[in-house]
1. Which ones in segment B:224-245 are of a type outside the set (A, V, I, L, M, F, W, C), more than 20 Å from B:Ser43 (Cβ to Cβ) and either in contact (Cβ under 8 Å) with a residue 60 or more places away in the chain or surrounded by fewer than 16 Cβ atoms within 10 Å (Cβ to Cβ) (or both)?
2. Would you mind telling me which numbered condition in (1) of a type outside the set (Val, Ile, Thr); (2) free of Cβ contacts under 8 Å to residues at least 40 places away in the same chain; (3) farther than 25 Å from B:Thr216 by Cβ; (4) buried (at least 22 other Cβ atoms within 10 Å of the Cβ) B:Lys76 fails?
3. Which of the helices (runs of 4 or more DSSP H) contained wholly in segment C:82-185 include at least 3 residues that are under 29 Å from C:Ile199 (Cβ atoms) and touching a residue at least 40 places away in the same chain (Cβ under 8 Å)?
4. Can you find even one residue in segment B:66-89 that is modelled with pLDDT of 90 or more, in contact with a helix residue (DSSP H, G or I) (Cβ under 8 Å, 6 or more places away or on another chain) and away from chain A (no Cβ under 14 Å)?
5. Look at B:Lys126 and say whether it is basic (Lys, Arg), without any contact (Cβ under 8 Å) to a residue 60 or more places away in the chain and within 8 Å of another protein chain (Cβ to nearest Cβ).
6. Can you find a residue in segment A:113-129 that is within 13 Å of another protein chain (Cβ to nearest Cβ), touching a residue at least 60 places away in the same chain (Cβ under 8 Å) and closer than 22 Å to C:Ala69 by Cβ?
7. Mind listing whichever residues of segment C:163-190 are among the aliphatic types (A, V, I, L, M) and either buried (at least 24 other Cβ atoms within 10 Å of the Cβ) or more than 15 Å from A:Leu172 (Cα to Cα) (or both)?
8. Quick one: A:Asp17 ticks every box in (1) surrounded by fewer than 16 Cβ atoms within 10 Å (Cβ to Cβ); (2) more than 20 Å from the chain's Cα centre (by Cα); (3) in contact (Cβ under 8 Å) with a residue 12 or more places away in the chain except a single one, so which number is it?
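The values are calculated or read from the model by the stated rules, or taken from the named source; none is laboratory data. Computed from a predicted structure; not experimentally measured. Here the Cβ positions follow ideal geometry from the backbone for every residue, glycine too, while neighbour counts run over all protein chains shown.
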Amino acid sequence: MIVHKVVDQLARFFGPDNLGLLWQSVGMTIALTIIGCGLGFAFAFLITLARQSRGLLGAVLRIIVTLFVEVFRRIPFLVVTYLVLFGIAAFVKGASLFLIAIVAICIYATAYLSEIIRTGFESVPHQQIEAASAMNFSRWQTLLHVILPQSIPVILPPAIAFMIAFIKDTSLVSQIGVFELSFRGKELVNQGMSGLFVFGMIALIYFALSYPLTRLGRWLEKRLASSRGQEPERQLRQA
Amino acid sequence: MHHLEVKNLSASYGKLRVLSGFNLTLSKGEIVSLVGPSGSGKSTVLRVLVGLTPPTGGEVFIDGSPVSYRSKADIKSVRDRMAIVFQQYNLFQNMDVLRNVTIAPLKIKHWPKQEVEEDARRLLAKVGLAEKLHVYPDQLSGGQQQRVAIARALALQPEILLLDEVTSALDPELVTEVLDTIRALAKEGMTMLIVSHEMAFVKEIASRVVLIDKGTVVEEGPPRQVIDTPSTERAKEFFGKILRH
Amino acid sequence: MHYTFQFGVAWQRLPDLWQGALLTLELGLLTYWGGALLGLGLASLKTYGGPIGKALANGYVTFFTNTPALIQIYFIFWGLPDVGIVFSAFNAVLLGLTLNTGAYLCEIMRAGFLSVRRPEMEAAETLGFSRWQQIWHVIVPHIVKTIYPALANYAVVLMLGTSMAMIFGVEELSGRAYNVASENYRHLEMFTLVAGMYILLTMFASLLLALVGRAAFRVKTRVF
């Protein structure tokens, strides 16, 4: 009897009606993660650069940016999502849910990733910065030649780990109606499929997305731990 | 006219007065050594000269013309004439030896590639590291790293070289190679201000020793005179303690 | 489209939000301690258990850390009834978050177990401590000091994580705000207040944890 039921559910789940939609929802989950976190990383980078600015204007910029980061790291992602939803809906008619989700993910990712990037920049020993300064490096030159190459191996592992973990957080945007994996699962259950089966399968799909990437992330971390972000004498070396 | 003249220099770290009324002169090709207990302000003198710490008062002159540390442009022009080598070598870990030496002349001074490279190779050969051009700092010993740091400072063709306790962080066996490098530079007539505790070396190489304590000059003169037969009480106390071991 | 902000209306419902906040704290505390016990058990199993114990603990942790908490709660709330196990919304969230937290705290605690160094144990041994004394006076303090920042940090993460209870109708802070907003139609204002309250709650919690850390365990943690 149970076997019969399981087979029936399997057929429905992997049947032509569902399979296409399932793929779409998985694609959406992946797209949200990559686009949202990718944009978040770019903005986080700009933010960290902004935090280095000097002078009065720089001080104002620094305060705004610091405020942004500290605020959005202390609000649950679900609440950020709703804030973006209601915020955008108040001023823009007919904004797509996808856009709203991306904005929410972007804001959240920017706040978290900027801390990671900032820590990376600060991990470069201060003495090297002083040596650069004493040799008349401008702050941007120091950033480009000394800080960036050495901070990238420190930044990438946690940044990638964040993105991989975020795949799970995307499940929350299902609440505003975005057609990703969790949303599809809820739909199927609403249509009468077994909750046990559906959410079990959905869990397995998330697992299949998350676990290999997590392993990959750890491997990458090991690789980067041995490299040093090096700048060899490429141009001047005699061919 | 002195190559470097410092008059009444003062500097503070926050509320702490580190230097006050500090005076110093250096003639061209002269080697002066600055010695003193820790916290005396000797490293601060070098840091102020190279623009890493702002002075709170006093004047500095190079070749008779006054030098200012107020604007970025002012500091930049000072750094064009004075180079510093740090106790912790402070090499760029993400660049190999050759790149460490060539990067500033190339990217800051925009000197022509060919000349910069040839110059770097020559300098590295002079400090005895000709075979280590493409090695990274973390694969070098402390003494080797320090010699790269010296070559790096020289690559900018400074008029005056400032050496801040460059052997203090090294294991004893590695100290000689660095001292040899400095001796070679002395022979070539480089004007140098050396902060050090290596009293034997100071006696050998410096034409004058300046003892600094609590931010001011306590005693100065030829090394044998100041170190072996100090006249002030403080100097007697300091050198007595040092030379006892 | 022009939107008129009516914060006054939302501000009036602050007491409701405070009630919700209390539930958030309750949920957070229960799941944290439940998860901590579970995590301790799992970590012990993983470090000291036999091959079967290790495999089970590993499997559990791997599964629960690679699937979303939301799906885990969905499974409990919408799935288990299929086999006759029914939980109320609150209990489903409680159970789900506890199981989830257990997996994450296991990893934190295991790092603590692994951080104990032989020299410390040997020193204790040569000073005449018995096995139990070694564990109590040397190992446990060392472990706690090492993992306290991570544990404290996760507590804050969890407090924010309880917000997903709103999805199941639980009236913790977010859920309460949502329901109130359905009445007064001030969604944006209500959720802005909610955001502000979460910020206050987390700042307060971080401060408290940092102070406790310094006082009880002499651990220097970032206050903010």
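1. Listed by number, the residues that qualify are B:Arg224, B:Gln225, B:Asp228, B:Thr229, B:Ser231, B:Thr232, B:Glu233, B:Lys236, B:Glu237, B:Gly240, B:Arg244, B:His245.
2. With (1) of a type outside the set (Val, Ile, Thr); (2) free of Cβ contacts under 8 Å to residues at least 40 places away in the same chain; (3) farther than 25 Å from B:Thr216 by Cβ; (4) buried (at least 22 other Cβ atoms within 10 Å of the Cβ) applied to B:Lys76, the lone miss is (4).
3. Ranges flagged: C:89-114, C:140-161, C:173-184.
4. Scanning segment B:66-89, I find at least one residue that is modelled with pLDDT of 90 or more, in contact with a helix residue (DSSP H, G or I) (Cβ under 8 Å, 6 or more places away or on another chain) and away from chain A (no Cβ under 14 Å), so the answer is yes.
5. No.
6. no
7. If the condition is that a residue be among the aliphatic types (A, V, I, L, M) and either buried (at least 24 other Cβ atoms within 10 Å of the Cβ) or more than 15 Å from A:Leu172 (Cα to Cα) (or both), then C:Met164, C:Ala165, C:Met166, C:Val170, C:Leu173, C:Ala177, C:Val180, C:Ala181, C:Leu188, C:Met190 are the ones that fit.
8. That leaves (3) as the condition not met.
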